[in-house]
Structure formats: structure tokens, C-alpha cells
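A quick write-up on the structure given underneath.
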Amino acid sequence: MRGRDNSQWIERQKRRHGKKYESYWYSTEKREWTKHSGWPTAPEQWRKLQAWIVRRRFSPGAATRVGFEREVAKVFRDVYPFYEFTSSPNWKR
């Protein structure tokens with residue numbers, strides 16, 4: 001699995017984006033979704049991983065500020081590699 005084989009890539013992304021973006025992931029334990037805080041960097045975490053969320057929270061008034069569109073575009077540029085990593089068959093380091 002890509003996550004188990006590329007834990008160093010995930011660790012680099014954590015160092016790069018860990019202060020700007022919130023990350024958490026879910027596993028299923030006894031048929032219940034369980035939320036885990038942090039970045040799934042360990043191979044054993046990837047064996048259990050069912051969903052991974054990387055996000056940035058904005059204040060309620062952020063959408064009314066000048067330059068909000070640029071800020072959102074930057075978030076998409078930063079987060080897109082995670083989408084490719086988890087979903088794309090053509091992912092390259």
C-alpha cells in the first residue's frame with residue numbers, strides 16, 4: 001500500500017504543512033468509526049486507515065476579506081498532492 005511504503009513522504013508533508021493544516025484520520029474498530037488526531041505516518045496506522053482529512057479552518061468572516069479567493073486557491077494547491085497520493089494511479093514522488 002502506498003501509505004505504508006512512503007511514510008517518509010508523509011513525514012515531509014507533515015513537517016511542511018503541519019502548522020497550517022489540521023490532519024486527522026479514521027479507522028474502524030468493532031464496526032465503529034474511530035477518529036485519530038494527527039498525521040498517519042506509521043505503517044501500522046495505514047493498515048487501519050479508512051479516511052484521511054487534511055484541512056484548514058477559516059474564521060466565519062474570512063470569506064468577506066479581500067484576497068480570500070487567492071487564499072483558497074493556495075489551500076487547493078497545497079492539499080492537491082494529498083489527493084494524488086491517496087487516489088491517483090499516476091502518483092509520482
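The values are calculated or read from the model by the stated rules, or taken from the named source; none is laboratory data. None of the values given here were measured: they were computed from a predicted structure. No Cβ is skipped: glycine too gets one built from the backbone with ideal geometry, and neighbour counts run over all protein chains shown.
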Do you know which of the residues in the stretch 73-93 that are of a type in the set (A, V, I, L, M, F, W, C) and surrounded by 14 or more Cβ atoms within 10 Å (Cβ to Cβ) is farthest from Gly18 (Cα to Cα)?
Trp91
Restricting attention to the stretch 26-42, which residues are modelled with pLDDT of 95 or more and of a type in the set (Lys, Arg)?
Lys35
